[in-house]
Amino acid sequence: MAPDQSSRGLLGARSDRRSFDKNDHSDSDSDSDLDATEFLDREAQTSSEPKPAFLSSPAARWKSSLARFLAGRSRRCLIVLVFVVGVWVLLGAGGTFAYKKYQQEPTYGLSPPWYPSPKGGIASTWAESYKKAAKMVDKMTLAEKVNVTTGTGWQMGLSVGTNGPAVHVGFPQLQLQDGPLGIRFADNITAFPAGITVGATWNRQLMYARGKAHAIEAREKGINVLLGPCVGPLGRMPAGGRNWEGFGADPYLQGIAGAETVKGIQSEGVMATIKHFVANEQEHFRQPWEWGLPHAVSSNIDDRALHELYAWPFGDAVKAGVASVMCSYNMVNNSYSCGNSKLLNGILKDELGFQGFVMSDWLAQRGGVSTALAGLDMTMPGDGVGWADGKSLWGPELTKAVLNGSVPVERINDMATRIVAAWYQLGQDDETKFPRQPPNFSSWTNDRLGVLAPGSPSPQPQVQVNKFLNVQANHSIIAREVAAEGTVLLKNDAGLLPLTRQGLPDAKLKARRSVLARATGKQHTGKFKIGIFGEDAGPGNGPNACKDRGCNQGTLASGWGSGAVEFPYLVTPIEALRSQFNTSRVALNDYLVNKPPTSAMADLELCIVFANADSGEGFTKWDDVSGDRPNLDLQKGGDALITTVASTCGGGVGDVIVVIHAVGPVLMEKWIDLPNVKAVLLANLPGEESGNALADVLFGDVNPSGHLPFTIGKSLKDYGPGGQVMYRPNGVVPQQDFTEGLYIDYRYFDKQGIEPRFEFGFGLSYTQFKYSGLEVTPRKTKSALPKERPSPAAEPPAYSTAVPDSKEVLFPEGFSPLEKYVYPYLRSVDEIVSDPYPYPDGWDTKQPLSGAGGAEGGNPDLWEVYVEVSVEVENVDGVAGAAVPQLYLEYPAEGEEGVDFPVRVLRGFEKVWLERGQKKKVVFGLTRRDLSYWSVERQNWVMVVGGEYGFAVGESSRDVKVRGSW
Ligand code: BGC
């Protein structure tokens, strides 16, 4: 069939002004001289999953490459090789170290087999879309089906990912774009606050509203699929580089925030992608070669922790109807996530009943046939194992694999159907909303003109690629609300905050001045003297100074990597404060550096000091932050700045307000207890409206209602052995054993009785709330197991399983392909060879269906409310504000012998607006899943029938106000 000529076969020059650093990291792949067929044909050896090619033995592969090289290549090649290897060795010192120390590779594929891949189309919620999809897919040629599943290659479209269209049946090319906090690489968009800030709001409506606004912008820019939200990493390690993209270190909070975001995004018809499935908890060694190792880290997780922690939020997203799931770079239990049949076929598609499509992270696919069998439906960006190599593991290889019988026709049909069904499910067949055109912006150039496939060296015509459409509408309002509500007030001694525009209210000012006079002998008069300190209060070199925001300079409003965007503007704290303080009453001095002159400080009455900590995605390193932070310290001398200001401001007795912008927890021990550090605000990562949102809180226009989405410990060690990033590999395939099981973040602190500095869920307000009248109302009777798995509400589409005529996959006559662009076609039928494929162990054993499955989101009984808990919350102090009642569940340990339970786990929260003196009743509905634990023996969620469940409702994981039981 003719390919979509609007996006293929175009002529012109390459333009990659904004091509990003990933290329720099991946090109050292020593396997890049292999063609994809070699990868498809490798032996699986002893594993239960087929082994990706380079896992068969890197040492052997290197030896044979060297032999080939010595046998005939030129001296010039030798010099180049020596240089490349030299650079690689330097970059990958960690990897080299591991090679020396550990000769032995662990067996690949220890994750259990789960086959065959469950077909989509069993859920009532998707039935109509599957019917429509079946009609379309039935008419597709094999090449078209393959095209739909395979990315066209890095920079082969205007967005970060594009698959191929199925032109003759009317299925367009899909445009996929990052990321979780705005439209990446785009102009005139909103830079929303990051996920971690959203988590800190604990406000479901705002979570939804931000998702919706994000999707409106995506649709108007021409995007079909947003690559967010992110709920993995979960935050097992507080220094993990990408924790800030997600919503906090608790599966329940992540789950609700992820699901609300998905609903918001999809309410606008844009497909959401929940990522990264699963356990991509650290950046170090997340993918082969980026860290000098040929393999990714293996996150080794037990079945229970996988269910109760890491996969939990994905369950919420599936229940919310998410269209797409992105599998992660790392291995899980020594099988690559994107080729892990237990994860994709077993947990995601069978147990959770996921009806959409599984997409690989960018280059996370490490095998061809094996990944198709394991449940991967779409490969992105479509290249092979080397960045931008154009040698897809699918594309023509998948075509061959179907024709030679290695991949069953049923599987490719299901892959294509899942993608087309998701497109119908979101109403993207409506051309008025989703015109079948490339996006109206280019990710790769800021110029008006450019080419449509800049990743290809083939000549292409210049066309208008940037239309500079402003899609921001009034979304800055949502961005500001999220940033303000996501600001956590950690300390407010003597009610220093809120300030007024004139500094302090008159009476307070008078009292304060007499205290200062007594302490220092200096009587202040006239304007109230305020000093603002720290680089983090100011603009630095502008918000977009570093590519992908990959450095820490100026005020911090986002982490770095694919989860970051180009800021359209950034209201800095200093800008907002300068414009809002009443300068006829306040003398404002600023020192936007981290080593300010101390001479000026003695004369000040109030000092506001800013400090921060940044991190990001592993393809960029800044200072000593290689994606993951090396520690939890404030960066750029933040601690010294704060202690210096505290000891000198107003002669050492001036009031100090500390404002922190950070990607996660930071240590505060050096200054938190200093008597004149009166107030501390953690503003997380606030996005473009940073300064305005901060001013809203400082001046009390917004009463702070943010609560911590993680624990702030007194030291990194306090998070336990499981809380430590692995910075040096412990093997050729780094083995990261999640031996702490369920005990991460507050679950660990509680179990070990460790006193945190500020516990999970903590956050102050300018008012006080009183809790009373807890009532427990059972809605259903307790029983250990959920009802029997229901039979499918609908039947997956049935198609012919005959292997199609191989002629239909040949390049169309007269077609001139772009170099490196991934097409599904073959040049000749001779390319189809039919050696036996080394199927993984267990491939032909049909697995029993999970009792926890049966519908979208799993067994419907798991989502039934079994008990309701209600409490009354009253605003008993001075000003209106929002309370965040949190419900923590305490399992009846005595009812389940031999099963260990955390002290308590979050299972409910609400955000309640209360006028002064107002009282409201809040009702939490606890579902069967909320009340259950995952039983490894029974392979199901089990409710504890003996003993009593405890319900602790309060303002944090430790500040329990009222209790009840069932
Ligand atoms: C990241 C993903 C992102 C993708 C596309 C990968 O490196 O891990 O989160 O969506 O790139 O940019």
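Confirm whether Val884 is free of Cβ contacts under 8 Å to residues at least 40 places away in the same chain and open to solvent by less than 40 Å² (accessible area, probe 1.4 Å). For Val884, the condition - free of Cβ contacts under 8 Å to residues at least 40 places away in the same chain and open to solvent by less than 40 Å² (accessible area, probe 1.4 Å) - is not met.
Using the structure shown, decide if Gly353 is touching an Asp or Glu at 6+ places or on another chain (Cβ under 6 Å), of a type outside the set (A, V, I, L, M, F, W, C), closer than 28 Å to Gly561 by Cα and open to solvent by less than 10 Å² (accessible area, probe 1.4 Å). It is false that Gly353 is touching an Asp or Glu at 6+ places or on another chain (Cβ under 6 Å), of a type outside the set (A, V, I, L, M, F, W, C), closer than 28 Å to Gly561 by Cα and open to solvent by less than 10 Å² (accessible area, probe 1.4 Å).
Only one entry in Gly554, Gly561 is at positive phi, crowded, with 19+ Cβ neighbours inside 10 Å and in contact with a strand residue (DSSP E or B) (Cβ under 6 Å, 6 or more places away or on another chain), namely Gly561.
Every test in (1) more than 27 Å from Leu887 (Cα to Cα); (2) in contact with a His (Cβ under 6 Å, 6 or more places away or on another chain) is passed by Glu268 save one, and that test is (2). Going residue by residue through the stretch 366-373, is there one that turns out to be buried (at least 24 other Cβ atoms within 10 Å of the Cβ), of a type in the set (Lys, Arg) and either within 15 Å of the ligand (Cβ to nearest atom) or at positive phi (or both)? Yes, some residue in the stretch 366-373 is buried (at least 24 other Cβ atoms within 10 Å of the Cβ), of a type in the set (Lys, Arg) and either within 15 Å of the ligand (Cβ to nearest atom) or at positive phi (or both). Answer yes or no as to whether Thr572 is away from the ligand (no atom under 16 Å from the Cβ) and in contact with a Pro (Cβ under 9 Å, 6 or more places away or on another chain). It is true that Thr572 is away from the ligand (no atom under 16 Å from the Cβ) and in contact with a Pro (Cβ under 9 Å, 6 or more places away or on another chain).
Quick check: is even one residue across the stretch 521-540 of a type in the set (D, E, K, R) and assigned to a strand (DSSP E or B)? Step through it out loud before you land on a result.
Just the residues of the stretch 521-540 that are of a type in the set (D, E, K, R), to begin with: 522, 527, 529, 535-536.
Retained after the next criterion (residues that are assigned to a strand (DSSP E or B)): 529.
Looking through the stretch 521-540, at least one residue is of a type in the set (D, E, K, R) and assigned to a strand (DSSP E or B).
Could you tell me whether the stretch 639-657 includes any residue that is open to solvent by less than 10 Å² (accessible area, probe 1.4 Å), more than 16 Å from the ligand (Cβ to nearest atom) and within 22 Å of the chain's Cα centre (by Cα)? For the stretch 639-657, residues open to solvent by less than 10 Å² (accessible area, probe 1.4 Å), more than 16 Å from the ligand (Cβ to nearest atom) and within 22 Å of the chain's Cα centre (by Cα): absent. The lone criterion from (1) crowded, with 24+ Cβ neighbours inside 10 Å; (2) away from the ligand (no atom under 13 Å from the Cβ) left unmet by Gln205 is number (1).
Going residue by residue through the stretch 121-136, is there one that turns out to be in a loop (DSSP other than H, G, I, E, B), in contact with a Phe, Trp or Tyr (Cβ under 8 Å, 6 or more places away or on another chain) and either modelled with pLDDT of 95 or more or within 16 Å of the ligand (Cβ to nearest atom) (or both)?
Step one: of the stretch 121-136, the residues in a loop (DSSP other than H, G, I, E, B) are 121-123.
Now restrict to residues that are in contact with a Phe, Trp or Tyr (Cβ under 8 Å, 6 or more places away or on another chain): 121.
Filter again for either modelled with pLDDT of 95 or more or within 16 Å of the ligand (Cβ to nearest atom) (or both), leaving 121.
Yes, the stretch 121-136 contains a residue that is in a loop (DSSP other than H, G, I, E, B), in contact with a Phe, Trp or Tyr (Cβ under 8 Å, 6 or more places away or on another chain) and either modelled with pLDDT of 95 or more or within 16 Å of the ligand (Cβ to nearest atom) (or both).
In the stretch 499-526, the residues that are of a type in the set (Gly, Ala, Ser) form Cβ pairs under 6 Å with partners that are not in a helix (DSSP H, G or I), at six or more places apart or across chains, as follows: Gly503/Phe528; Gly503/Val586; Ala517/Gln523; Ala519/Val653.
Taking first residues from the stretch 265-276 that are more than 13 Å from the ligand (Cβ to nearest atom) and partners that are basic (Lys, Arg) and part of a loop (DSSP other than H, G, I, E, B), the Cβ contacts under 9 Å between residues at least 6 apart in sequence or on separate chains come to Glu268/Lys433; Gly269/Lys433. Among the residues of the stretch 491-532, those that are of a type in the set (S, T, N, Q) and under 16 Å from Val586 (Cβ atoms) comprise Thr500, Gln502, Thr525.
Scan the stretch 599-636 for residues that are outside any loop (DSSP other than H, G, I, E, B) and within 25 Å of the chain's Cα centre (by Cα) and the total you get is 8. The listed residues are Thr261, Thr190, and the only one of them that is within 16 Å of the ligand (Cβ to nearest atom), closer than 22 Å to Trp560 by Cα, crowded, with 24+ Cβ neighbours inside 10 Å and among the hydroxyl-bearing types (Ser, Thr, Tyr) turns out to be Thr261.
Could you tell me how many of the residues in the stretch 279-309 are part of a loop (DSSP other than H, G, I, E, B) and within 16 Å of the ligand (Cβ to nearest atom)? Residues flagged as part of a loop (DSSP other than H, G, I, E, B) and within 16 Å of the ligand (Cβ to nearest atom) within the stretch 279-309 amount to 15. Of the candidates Val912, Val923, Val953, the single residue that is open to solvent by 20 Å² or more (accessible area, probe 1.4 Å), touching a residue at least 24 places away in the same chain (Cβ under 8 Å) and hydrophobic (A, V, I, L, M, F, W, C) is Val923. A count restricted to the stretch 818-837 and to residues that are closer than 24 Å to Gln155 by Cβ and among the acidic types (Asp, Glu) stands at 1. Taking the residues in the stretch 222-242 that are over 19 Å from Gly315 (Cα atoms), of a type outside the set (A, V, I, L, M, F, W, C) and surrounded by 24 or more Cβ atoms within 10 Å (Cβ to Cβ) as candidates, determine which candidate is nearest to the ligand (Cβ to nearest atom). Among residues in the stretch 222-242 that are over 19 Å from Gly315 (Cα atoms), of a type outside the set (A, V, I, L, M, F, W, C) and surrounded by 24 or more Cβ atoms within 10 Å (Cβ to Cβ), the one nearest to the ligand (Cβ to nearest atom) is Arg242.
Reported count of residues in the stretch 363-384, each being within 11 Å of Cys338 (Cβ to Cβ), in a loop (DSSP other than H, G, I, E, B) and in contact with a strand residue (DSSP E or B) (Cβ under 8 Å, 6 or more places away or on another chain), is 8.
Within the stretch 396-415, residues that are over 15 Å from Lys139 (Cα atoms) and in contact (Cβ under 8 Å) with a residue 24 or more places away in the chain sit with their Cβ atoms under 6 Å from residues that are among the aliphatic types (A, V, I, L, M) and open to solvent by 20 Å² or more (accessible area, probe 1.4 Å), at 6+ positions apart or across chains, in these pairs: Lys400/Ile832; Leu403/Ile832; Asn404/Ile832.
Taking the conditions exactly as written (closer than 30 Å to Trp291 by Cβ, open to solvent by 10 Å² or more (accessible area, probe 1.4 Å) and among the β-branched types (Val, Ile, Thr)), does Thr711 satisfy them or not?
Details: closer than 30 Å to Trp291 by Cβ: yes; open to solvent by 10 Å² or more (accessible area, probe 1.4 Å): no; among the β-branched types (Val, Ile, Thr): yes.
Considered against the rule, which asks whether it is closer than 30 Å to Trp291 by Cβ, open to solvent by 10 Å² or more (accessible area, probe 1.4 Å) and among the β-branched types (Val, Ile, Thr), Thr711 comes out as no.
Across the stretch 327-349, a minimum of one residue is classified as in a helix (DSSP H, G or I), open to solvent by less than 10 Å² (accessible area, probe 1.4 Å) and among the charged types (D, E, K, R). The requirement of being in a loop (DSSP other than H, G, I, E, B), away from the ligand (no atom under 16 Å from the Cβ) and either small (Gly, Ala, Ser) or crowded, with 24+ Cβ neighbours inside 10 Å (or both) is fulfilled somewhere in the stretch 582-598, by at least one residue.
The values are calculated or read from the model by the stated rules, or taken from the named source; none is laboratory data. Just so it is clear, the model here is predicted, and its values are computed rather than measured. Neighbour counts run over all protein chains shown; Cβ positions are idealised from the backbone, glycine included. Side chains are part of the model used for accessible areas, which takes the heavy atoms of the whole protein and leaves out ligands, DNA and RNA. Shrake-Rupley method; radii C 1.70, N 1.55, O 1.52, S 1.80 Å.
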